[in-house]
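Engineer: I have a structure I would like to understand better, so I am pasting it below and will then ask my questions one at a time.
The values are calculated or read from the model by the stated rules, or taken from the named source; none is laboratory data. Keep in mind it's a predicted model, so treat the numbers as computed, not measured. Backbone-built Cβ (ideal geometry, glycine too); neighbour counts: all protein chains shown.
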Amino acid sequence: MQKQKLVVLAGPLLALFFITTITVCWPVEPAAASGPSDTWVKTRTTTLLKTTRLRERQVGLLLHKMQRRGGTAQLRRAALARKRSVVRLNCAVSRLNAAVLAGDHAAGDPLVARLMRLNKRVRALDTRSARLARRARVPALRAHVRTLLVARSRLATGTVRLGRMDGSSSARIPAATEPQQPAPLPASSPGNDAPSSPPPTTSTITDLELGSGQSGITYENVRFLSSRSYQQATVTITRASNITFRGCVFEGSAWNGITINDSGGTVRDITFIDCYVKSSARMGFECTSRGSETSCYSRVDLRRVTFDPQGSEAISYDGPAVHTDCTIEDVLIKGSGTRPDLFSWGQGMEINGPRGFLVQDLTMYRTRGSNWNLNGKDSVDMDWTFRNIVVDNTVDHLGSVTRHPDANMICAFNVERSEWIDCTFRNARPGAAAAYLSDCDRNRFDGIALSGLSQQISQVDGCNDNIW
C-alpha cells in the first residue's frame, strides 16, 4: 500500500520539480552582438508566464487555506517554500530583462510589451507573497520579506528601463528612487489596463438580481440596464457565489450601478473583469455585509474596471473586521461626488471595516470629497496593501462641481498596518491636508511620492509609529 501511495505522489512531484528546474536553471542564451534572438525571448517569456500563473495559483490557495485554518506549522513551511520560489522567479525575470535591454529592440516592439506584462504580474505576485508570509507568521519574517523586497527592487529597475523602451506610462520609478517632484502624468493616460471606453455588448438585462444562491454563472458582453426605480440598482447581489461579469457595461441608475448586500457570508467569489460602470446618482459599486461580526463576503474582485464620475462614491466596501481577500486591480476612477444636491459624501474609494485588501494599479482623478476614506478597527491588523496607486487631483471630470475645501487625499480612522508601495499622489486646491489620520498606528506611507499643492500631513488622536 505504501508503494502505491509513493507511485501516486511521484507524478505531481516530478512535474513540479521539472517546471521549477526549467524556470530557474534554463541558461540565458549566449549574447551575440545584438543580444538574444526574438524566438528565444518569446519562448522564455512564455515559460516564465506559465510559471507565474502556477505560483499565483499556489499562493492564492495558501491564502485561502490560511483564512480557513489559521497559521499551522505545515502552512508556514509551505508559505516559506512559495516565498523562495517567488524570489527565484524574480531573479529569472530580472535576467531576462537584462538580456532584452542588451539587445536591439525598437520602441513599441511587441516582445518588449509582452515582457512588460510579465514584469507587472510578477511584481503583483511579490505583493501577495509578502502578504502570505506575514499572515503565516513564518520564522525570521523580516529577513524573508527583506529578501523578497531586494529581488523586487531589482526587478522594478528593469521594469522602468523596459518602460522607457516600450514608451509605456505604467512603468513608474519605485518610490525609493523617485524624485521629490515627479513628472506630470498625462491626463489621457491612466497608466493601467482599465478600459478606455465601454466594450461592445451583444445582449441586455434590466434590473438583474442574484439572491437565490446562484452559482457558476458568467455574464459576458452584456449591457445591464436599470428601470431607475427608487433604490433599485442596475445589478443587485445578495446571495450568490462564483459569478463572473466579463466585458460588461453597467448603465447608470437612480441608486447604485452595482449593489452587493451580503448577510453573514452569503456572497463569495464575485469577479468583474474588463467592465465599464457608467454614472449613477449614488455609487458606482457598493459592497456591504450585515448580520454577523465573524462572517463576511469574500473574494469580491474588480479587475480592469472603469468608473465614470459617480453621484456620491465610486467604490465602497463595508463590513465587519473579517478577512475578505479582495483584490482591486487595474481600476480607473474618473471622479466622484457629482450630486451634492442628493448626497453629502463624495469620496473616490472607501473601505469601512473589512480586512485583507490588495489594491494595485489603480488611478483616481479629482473627487469632491476625500480621495480615500479608510476606517479600520482599533488594534486590528487591517492587512491592506496599496501598490502602484496614482491619485491626480489636477485632472478634473466633475464639471461645475468643485472639490470640498475639507477634502483630503487620505482620510483615515483607526487604521493599523496598511502599506503603500510605489504610489504617486498629486494634490490640488481646493482641499485640506494631503492626509488626515486619526488614531492610526504602524502604517507605511513612505511608498507615496507626494507633490502638488497642500502636502501637509495631519495626525491626531494618538497616532503612533506611522512612517512617511
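Engineer: Name every residue in region 452-468 that is modelled with pLDDT of 90 or more and either under 21 Å from ASN393 (Cβ atoms) or part of a strand (DSSP E or B) (or both), in order of residue number.
Structural biologist: ILE457, SER458, GLN459, VAL460, ASN464, ILE467 - these are the residues of region 452-468 that are modelled with pLDDT of 90 or more and either under 21 Å from ASN393 (Cβ atoms) or part of a strand (DSSP E or B) (or both).
Residue-wise test of (1) more than 15 Å from THR338 (Cα to Cα); (2) hydrophobic (A, V, I, L, M, F, W, C).
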residue: GLY247; (1), (2): yes, no
residue: ALA254; (1), (2): no, yes
residue: THR259; (1), (2): yes, no
residue: ASP262; (1), (2): yes, no
residue: THR266; (1), (2): yes, no
residue: CYS275; (1), (2): yes, yes
residue: LYS278; (1), (2): no, no
residue: GLY284; (1), (2): no, no
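Engineer: Here's something else I'd like to know. Do you know which residues across region 344-371 are under 15 Å from ASN427 (Cα atoms) and not in a strand (DSSP E or B)? Don't jump to the end; show me each part of the working.
Structural biologist: In the first step, residues of region 344-371 are kept if they are under 15 Å from ASN427 (Cα atoms); the result is 347-348, 363-371.
Within region 344-371, GLN347, GLY348, ARG366, ARG368, GLY369, SER370, ASN371 meet the criteria.
Engineer: Every residue in region 380-412 that is of a type in the set (D, E, K, R), surrounded by fewer than 20 Cβ atoms within 10 Å (Cβ to Cβ) and under 20 Å from LEU450 (Cα atoms), please.
Structural biologist: Answer for region 380-412, where residues must be of a type in the set (D, E, K, R), surrounded by fewer than 20 Cβ atoms within 10 Å (Cβ to Cβ) and under 20 Å from LEU450 (Cα atoms): ASP396, ASP406.
Engineer: Further, regarding this structure: Quick one: PRO320 ticks every box in (1) modelled with pLDDT of 95 or more; (2) assigned to a strand (DSSP E or B) bar one, so which box is it?
Structural biologist: (2)
Engineer: Also, I was wondering about something else. What about ASP378, is it acidic (Asp, Glu), within 26 Å of TYR276 (Cβ to Cβ), touching a strand residue (DSSP E or B) at 6+ places or on another chain (Cβ under 9 Å) and in a loop (DSSP other than H, G, I, E, B)?
Structural biologist: Numbers: acidic (Asp, Glu): yes; within 26 Å of TYR276 (Cβ to Cβ): no; touching a strand residue (DSSP E or B) at 6+ places or on another chain (Cβ under 9 Å): yes; in a loop (DSSP other than H, G, I, E, B): yes.
So ASP378 does not fit the description; no.
Engineer: Just need a number here: residues in region 430-450 that are crowded, with 19+ Cβ neighbours inside 10 Å and outside any loop (DSSP other than H, G, I, E, B). Show your work before the answer.
Structural biologist: First pass over region 430-450, keeping only residues crowded, with 19+ Cβ neighbours inside 10 Å: 431-437, 440, 443, 445, 447-450.
Among the residues that remain, those that are also outside any loop (DSSP other than H, G, I, E, B) are: 435-437, 448-450.
So the answer is 6.
Engineer: Moving on to the next point. Exactly one of (1) crowded, with 19+ Cβ neighbours inside 10 Å; (2) modelled with pLDDT of 90 or more; (3) in a loop (DSSP other than H, G, I, E, B) is unmet by THR424. Its number?
Structural biologist: Going through the list (1) crowded, with 19+ Cβ neighbours inside 10 Å; (2) modelled with pLDDT of 90 or more; (3) in a loop (DSSP other than H, G, I, E, B), THR424 breaks only (3).
Engineer: To continue, here is another question. Yes or no: GLY71 at positive phi, at pLDDT below 80 and outside the structural domain of TRP384 (by TED's automatic domain parsing)?
Structural biologist: On the way: at positive phi: no; at pLDDT below 80: yes; outside the structural domain of TRP384 (by TED's automatic domain parsing): yes.
No: the conditions fail for GLY71.
Engineer: In the set GLY353, GLY311, GLY369, GLY291, which member is small (Gly, Ala, Ser) and touching a Leu at 6+ places or on another chain (Cβ under 8 Å)? Quick ask: steps written out before the conclusion?
Structural biologist: On the way: GLY353 fails: touching a Leu at 6+ places or on another chain (Cβ under 8 Å); GLY369 fails: touching a Leu at 6+ places or on another chain (Cβ under 8 Å); GLY291 fails: touching a Leu at 6+ places or on another chain (Cβ under 8 Å).
On inspection, the qualifying residue turns out to be GLY311.
Engineer: What are the residues in region 381-408 that are closer than 28 Å to SER129 by Cα and either assigned to a loop (DSSP other than H, G, I, E, B) or not assigned by TED's automatic domain parsing to the domain that holds ASN352 (or both), if any? Full working, then the answer.
Structural biologist: Here is the first cut: in region 381-408, the ones closer than 28 Å to SER129 by Cα are 381-391.
ASP381, MET382, ASP383, ASN388, ILE389 - these are the residues of region 381-408 that are closer than 28 Å to SER129 by Cα and either assigned to a loop (DSSP other than H, G, I, E, B) or not assigned by TED's automatic domain parsing to the domain that holds ASN352 (or both).
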